[in-house]
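The structure appears below as structure tokens.
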Amino acid sequence: MTDRAVAAVLEHAEAGCDLRRRFFDAHAGYIAQLALRMAVTVASGNKVLFCGNGGSAADAQHLAAEFVNRFVMDRPPLPAIALTTDSSILTSIGNDFGFELVYAKQVQALGNRGDMLVALSTSGNSRNVILALEAARERGLVTLGLTGRGGGTMAPLCDLLLAVDGPNTALIQEVHITAGHMLCGLTDYYLFENVAELAPYLDGSLPLPM
């Protein structure tokens, strides 16, 4: 083990800590509002869809699993689907129509008005994610983007946007999964621990958050 390797670990950790601190200091309240909107989506009988590429595909699967199984608390399963997991669907669409449509066609098949699409792309410019967002808007889904560097082409297609102003893809993804964990945990909080705050949005007393 070299001093250079150890220094690289500590440098990465410090950069990640600094980015997380700055991001969550600036966005904590907004993340709480996003989770409230997710809780309203689920409590209204709708579902959450997730999509992304590469590491963001892994994050999409990770977060869908937290909803369907559990995050921390034991509670009933929540409806969520990762559009990244069915190899037969992905390869048939990719083969017949092209990789750009692997998520859009699934949104068209599975998405309903009132559902939420969570689209992850560190660049904000992934073509298949862009087309999924366009399909989601056409079908009346709420669109939430987790991106980096201002949001790229995705930004105007997202009703809700968390853009991480990070120096590199790895650190942006590390913030994305932390933000995703907070969304899972707070969705559980509103659904099962603070229903009183959720109720006015469900009975129409208050307009939908965000």
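The values are calculated or read from the model by the stated rules, or taken from the named source; none is laboratory data. Keep in mind that what you see is a predicted model, and the values were worked out from it rather than measured. Note that each Cβ is placed from the backbone with ideal geometry, even for glycine, and that neighbours are counted across all protein chains shown.
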Output the number of the condition that LEU186 fails; it satisfies all remaining conditions of (1) surrounded by fewer than 19 Cβ atoms within 10 Å (Cβ to Cβ); (2) over 18 Å from ALA58 (Cβ atoms). (1)
Please go through the range 86-129 and give me each residue that is surrounded by 21 or more Cβ atoms within 10 Å (Cβ to Cβ) and of a type in the set (Val, Ile, Thr), ordered by number. VAL102, VAL107, VAL118, THR122, VAL129
Any residue at all in the range 144-166 that's surrounded by fewer than 16 Cβ atoms within 10 Å (Cβ to Cβ) and at pLDDT below 95? yes
Please give the helices (runs of 4 or more DSSP H) falling wholly within the range 32-144 in which 1 or more residues are closer than 19 Å to LEU183 by Cβ. 55-68, 127-138
Residues (surrounded by fewer than 20 Cβ atoms within 10 Å (Cβ to Cβ), touching a helix residue (DSSP H, G or I) at 6+ places or on another chain (Cβ under 8 Å) and more than 22 Å from LEU208 (Cα to Cα)) located in the range 26-65: GLY55, HIS62
Please state which one of GLY145, GLY111 is under 13 Å from the mean Cα position of the chain (by Cα) and within 22 Å of ALA64 (Cβ to Cβ). GLY145
